[in-house]
Structure formats: structure tokens, C-alpha cells
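The values are calculated or read from the model by the stated rules, or taken from the named source; none is laboratory data. Quick caveat: nothing in here was measured; it's all calculated off a predicted structure. Cβ sites come from the backbone with ideal geometry, for glycine too, and all protein chains shown count toward neighbours.
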Amino acid sequence: MKHLTGFLLATTLMGGPPVLADPSQAIGAGGNAVVAGGTNSVTTDQMTAERHDAEMNKLLATMKQTIASGPYQPEVESLNRHVAPEWYADAKLGIFVHYGLFSVPGYSGMGCWYGNQMYNPDLDTYRFHREQFGPQEQFGYKDFAPHLTATAFNADEWVSLFKEAGARFVVPVSCFHDGFAMWDSKLTDWNSVNKGPKRDYDGLLAAAARKQGLKFGVAWHAFFRPIFWHVYSKRRASSDIKPPDAGTPWSFYGPDEVTPGFVDDGLGRLVELVDGYQPDLVWFDFDTEQVKPEVMRRFAAFYFNRAAEWKKEVAINDKHANGEVLPPRAIVLDFERGKTAGLLPDLWQTDTSVSWRDWSYMRNDSFKTVDELVRELVDIVSKNGVLLLNIGPRPDGSIPPEPQALLRGVGAWLKVNGAAIYGTRPCWALGFGEGPHNSGGGAMSDRAVGYNAHDFRFTQKADVIYATAMDWPDVDDHFLIKSLSTKSVDGTISEVRLLGCPTPLDWKLTEQGLWIGRPPHPSCYGAFSFAITVHGKVIGTPQNPDPAAKASDDKLSK
């Protein structure tokens, strides 16, 4: 078997197999030598218990003092006073970024869960790793760190692309399940300043985002680390998951279980992120169920109190409904690769990816289309949601051409139709839409939907209702919005415009609905937004596509 032991000091433009920029840089040659027993001299951990605990105790003392002196306390009633920020409800679109050690193998079969799967002899990922990199006891997951080079990473260029996409905020994964910190953490040597990129990734991205007028958030997955490494991985004795690289909160693979020390270390790292980067948003994965609710309430009280000091509006994302982890009003509920089937009264969010398959960079990936992404955004916003759209950069920090093209495509659509998205609120009188097709049903309900020109989604801003058609009619010479008719409009409609279309439209309000003559040419692609100015009230029964679609909206956790 050929071991590609010097993997990924450069990659090809379109993905494809890894290419060594310099054979002398191969693992096992020169400075990156792998010695007997699987200890990589480049990645040795220098942290001590004394240094770790001294720093952690300072951070926890800061948290305690901030909670004691602020308006929020770690209690349900207190945290439920929090209100989701207006900037968040206005923004509608953010960019999620999965970039970390999992980016290095680029394995098309697994993506960001590669590390968990590579130690299980029953899985293809295990065999792939041995063929490409060598035995796990000699080249473990931690040994990818030197190859997360970020040589092509430019935070300003990333944010310029995100801004061109029409995004209003950016949320990088600051700490994935693997535990690698993408900031200058003082609680572990396994961070992006000491290892790999040798740069403060979070800090650079935060500065670039704010310089260009975007809000900045951080994403946390790391309370899941003991399960990720020590339960799901089915590790064997012949691996590198052993002391000194495992067993302590500051070691790479961490402890075997969720211990009080591990929880305190996690809280300390979260204090570092909050105080170091003043995030406008903190996103949590399902891993919050691994700690007691009072732990998360302590963090929420600390973060909200810090925000009060900074005089800024902030939000927390969590995936657990009904107050299972945090009180409902303390969070903006997040659906992973899914959404609601109906209109919710409170702001919520979908996190999904431009990729159908995973979150991080993968060779031979399968991507959604611009039309699919645009329609997803329109549907989510009509239901009072926000879209957090993910991309996965390569290990060198470059963004592959496919995600770049998709983001630019969404941005071009928003330049035409942004008025129907940004700063809007649900059209409570009509519901989220009408037509034969709907999607949603909670987490993991992401799928392609065959919308047609009879499907509309509604939003509203002041006296303008935006009705976005989810396709262009191929046969019909008109659009018909059934929810707006002489029976439902108690007043008048003074204007109907197609965003992006310079010519006046033929239209009339009938008993069957608002009839709009089809213009000779589409104004854009994907979905088509009509701005309808209404004077008076809109009454009647909303014509939602699926009036009964709600049963699985509260089934959000695993």
C-alpha cells in the first residue's frame, strides 16, 4: 500500500487527489518525523495541569463576577426576558464556515466526522486512512494539524465573498467535536495559533467581518468531544488515542467522559471566545444536551450580561425546543438541515449547506443549485426564519470554485429581490404562502422540492406585501395569487411591481385572486418577487400549502 504521508501541502484547483508541494515535506522526512509509538514531535502537547487550572480558574472567576453584577441571572424567569435582536430578524442570511482539521483528508465518504470514523475497523474510513496515511497508531487525527496550512486564507477576501452573497453575518466553527480551538486559547496548546495555521483564525475573521459591516458569531460543538472520540469511534488499542494525547481536558482527544473538569474547561473556553471576540451570536450544536441545563444557563447569563455592558444585541442558537436546555425566549431555535413546515411566532433559523452531502471540504462533493438555494431562502424567510448557509474551505484556506459560484449566484438574486427578504416580517394575515408544494418538518428534513409557478411565499414590510413565485410559468400567460382577492382585501391595491422588471404590469384583483399578466421575460432566476402595495386590511383564511403541516416541527433533537 502506498501511504500518502506528506498529504496536502497543496491541492488541485477543482478538488481531486492531494498533491505534495514539496516531497521533502512528507511526514516521516525531516521535521515532521513520526517516531515509534506514534508520537509526532511537531505536535507534542506542552500544557501542564498547573498552567491550565490557573488560567481556567481566572476565566471562571470572570464568569461568576459578571453574572453577579449583571441584569441576567442563570434562572429561567430571568433568561426568558431576553429578546431576539432586530438586526438578526432583519438579516435573513448568514454564512456558516466549517474549516478545521477535518478539512485536511477531504474524504468524500465522511467529511467533518472523519476523525470519529477513522478509528473504527468496521468502516471504509478506517481502511481509507490506513491506505492514504498509514496505521492510526503512527498517523492519528491529531497529526493532520501541521497540514491545515491556511496558506491561501485571506479573511478580507472571504468576507468580501460573503458580502457579495448578500450575507449579513458570518459564523465560523470555532471548536468542532474534535476539540481543536480555532482561536488563541490559553486552555490548550491545540489551537490554531500554536498548531497548524499559526494564526488566530477567529480573530482575523471577526476583524474582517466588522470592517465590512457584517455581524460576527462563533459556533461551538465541543461538549460532544468525549462521545466523538471515546464512544462513537470504537477505538482500538492500536491507535494514538491514549495519554498524553488523551485523558485531560487540555489534551487533544480529551477525557473519556463528561467530567466536572471537562465542563469547566468548556466554560472557560467559551469565556475566552466571548471576551476575546465579543460575538454577536453564539451557536450551539446538539452537544448542549451533554451538560446539565444549569451549565448552559450560567453561560447564557454571563453572555447576556456582557452584551449589556457592551450595549449590543446578541443571540444564542440552540437546537433543543421546549426549554430542554435553555428557556425558549433565551434562544433562537436552530434546525439542522431542516425547517418548520409552517409559520412560527418566534424567530428561528435553519443551518444547512451548499453541499447535499456534508459540511466540510470534500473531494467529489455534490452541490445544490442556485435555484434550490434561492427557493430555500424564500421559504425560510416566509416562515419567520433565517438561513445560515454553510461552505467548506480547503485545508489551505481557499474556497472551492463551486461554493464561490453558488454564493455569488445567491447574491445576484438578492440584488434584484432583496426588498422581499431583508427587513421583512411574516405576512401574518395571509400566512407564509400558497400552492401545492411545501417542505419542512423539523431537523434533518432537508430535501429538493419541485416547486412550480403556482407556489407563492409571502413577506411584508409596512403596507407592501411581497409575493414570491417559486417558478416562472411555462404555459400560463399569467400568475394568480389566490390569497389576495376581492374577498380578502378590505381596501385597495394601488400598485403591483415585479422586482427587477422595469416595465409596468397588467394586473387586476378578481374574486379568484390577484391576476398578474406574465411579462415577456423573467426578471431573474429561481424565484420572482412581486411587490404589492395594499391600502386597507387583508382579511380571510390564509391559503397555506399544508394547513396541517406542523406535527414534527417540535421534534428537533436527535
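From the list ASP90, ASP122, exactly one residue is surrounded by fewer than 21 Cβ atoms within 10 Å (Cβ to Cβ), modelled with pLDDT under 95 and among the acidic types (Asp, Glu). Which is it?
On the way: ASP90 fails: modelled with pLDDT under 95.
That would be ASP122, the only listed residue that is surrounded by fewer than 21 Cβ atoms within 10 Å (Cβ to Cβ), modelled with pLDDT under 95 and among the acidic types (Asp, Glu).
Which of the residues belonging to the range 132-191 are of a type outside the set (A, V, I, L, M, F, W, C), over 23 Å from the mean Cα position of the chain (by Cα) and more than 23 Å from HIS221 (Cα to Cα)? Show your work before the answer.
Step one: of the range 132-191, the residues of a type outside the set (A, V, I, L, M, F, W, C) are 132, 134-138, 140-143, 146-147, 149, 151, 154, 156-157, 160, 163-164, 166, 168, 172, 174, 177-179, 184-186, 188-189, 191.
Retained after the next criterion (residues that are over 23 Å from the mean Cα position of the chain (by Cα)): 132, 134-138, 140-143, 146-147, 151, 186, 188-189.
Of everything in the range 132-191, those that are of a type outside the set (A, V, I, L, M, F, W, C), over 23 Å from the mean Cα position of the chain (by Cα) and more than 23 Å from HIS221 (Cα to Cα) turn out to be GLN132, GLY134, PRO135, GLN136, GLU137, GLN138, THR151.
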Of the conditions (1) part of a loop (DSSP other than H, G, I, E, B); (2) under 19 Å from the mean Cα position of the chain (by Cα); (3) under 30 Å from ILE67 (Cα atoms), the single one that GLU313 does not satisfy is (2)
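For the range 390-414, give me each residue that is part of a helix (DSSP H, G or I), of a type outside the set (Val, Ile, Thr) and in contact with a helix residue (DSSP H, G or I) (Cβ under 7 Å, 6 or more places away or on another chain). If you could, list the steps in order and put the result at the bottom.
Residues of the range 390-414 part of a helix (DSSP H, G or I): 401-414.
Then drop every residue that is not of a type outside the set (Val, Ile, Thr), which leaves 401-409, 411-414.
GLN404, LEU406, LEU407, ARG408, GLY409, GLY411, TRP413 - these are the residues of the range 390-414 that are part of a helix (DSSP H, G or I), of a type outside the set (Val, Ile, Thr) and in contact with a helix residue (DSSP H, G or I) (Cβ under 7 Å, 6 or more places away or on another chain).
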Hey, could you check the range 414-448 for residues that are within 24 Å of ARG357 (Cα to Cα) and at pLDDT 95 or above and say which is surrounded by the fewest Cβ atoms within 10 Å (Cβ to Cβ)?
-> HIS437
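Residues of the range 40-99 being among the acidic types (Asp, Glu) and out of contact with any Leu (no Cβ under 7 Å at 6 or more places or on another chain), which ones?
Initial filter on the range 40-99 (among the acidic types (Asp, Glu)): 45, 50, 53, 55, 75, 77, 86, 90.
Once the filter is applied, which keeps residues that are among the acidic types (Asp, Glu) and out of contact with any Leu (no Cβ under 7 Å at 6 or more places or on another chain), the range 40-99 yields ASP45, GLU50, ASP53, GLU75, GLU77, GLU86, ASP90.
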Exactly one condition in (1) surrounded by 24 or more Cβ atoms within 10 Å (Cβ to Cβ); (2) closer than 19 Å to PRO244 by Cα is not met by VAL173; state its number.
-> (2)
Could you list all residues from the range 486-507 that are in contact (Cβ under 8 Å) with a residue 40 or more places away in the chain and farther than 16 Å from ALA420 by Cβ?
-> LYS487, SER488, VAL489, ASP490, GLY491, THR492, ILE493, SER494
Restricting to the range 298-310, what's the tally of residues that are surrounded by 20 or more Cβ atoms within 10 Å (Cβ to Cβ) and either free of Cβ contacts under 8 Å to residues at least 40 places away in the same chain or within 22 Å of the chain's Cα centre (by Cα) (or both)?
-> 5
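Based on what the data block shows, is HIS98 buried (at least 19 other Cβ atoms within 10 Å of the Cβ), modelled with pLDDT of 95 or more and within 27 Å of the chain's Cα centre (by Cα)?
Values: buried (at least 19 other Cβ atoms within 10 Å of the Cβ): yes; modelled with pLDDT of 95 or more: yes; within 27 Å of the chain's Cα centre (by Cα): yes.
Yes, satisfied.
Test of understanding: among LEU484, LEU498, LEU505, LEU509, which residue is crowded, with 18+ Cβ neighbours inside 10 Å and in contact with a Gly (Cβ under 8 Å, 6 or more places away or on another chain)?
Values: LEU498 fails: in contact with a Gly (Cβ under 8 Å, 6 or more places away or on another chain); LEU505 fails: crowded, with 18+ Cβ neighbours inside 10 Å; LEU509 fails: in contact with a Gly (Cβ under 8 Å, 6 or more places away or on another chain).
The match here is LEU484.
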Just give me the residues in the range 339-386 being touching a Pro at 6+ places or on another chain (Cβ under 9 Å) and of a type in the set (Val, Ile, Thr), in sequence order.
-> VAL354, VAL381
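Every residue, every condition in (1) out of contact with any Pro (no Cβ under 7 Å at 6 or more places or on another chain); (2) among the polar types (S, T, N, Q); (3) within 14 Å of ASN80 (Cα to Cα), yes or no:
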residue	(1), (2), (3)
TYR253	yes, no, no
PHE262	no, no, no
GLY268	yes, no, no
VAL274	yes, no, no
PHE286	yes, no, no
TRP310	yes, no, no
ILE316	yes, no, yes
ARG329	yes, no, yes
PHE335	yes, no, no
Selection from the range 55-85 of residues of a type outside the set (Ser, Thr, Tyr), under 18 Å from VAL282 (Cβ atoms) and in a helix (DSSP H, G or I) yields LEU59, LEU60, MET63, ILE67, LEU79
Within the group LEU343, LEU387, which residue is of a type in the set (A, V, I, L, M, F, W, C) and either in the same structural domain as HIS454 (by TED's automatic domain parsing) or not in a loop (DSSP other than H, G, I, E, B) (or both)?
-> LEU387
Sole exception among (1) under 28 Å from LEU373 (Cβ atoms); (2) assigned to a helix (DSSP H, G or I); (3) touching a Leu at 6+ places or on another chain (Cβ under 6 Å) for TRP113, by number | (3)
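Could you grab me the full set of residues in the range 46-62 that are out of contact with any Gly (no Cβ under 8 Å at 6 or more places or on another chain) and touching a residue at least 60 places away in the same chain (Cβ under 8 Å)?
Initial filter on the range 46-62 (out of contact with any Gly (no Cβ under 8 Å at 6 or more places or on another chain)): 46-54, 57-58, 61-62.
GLN46, MET47, ALA49, HIS52, THR62, listed by residue number.
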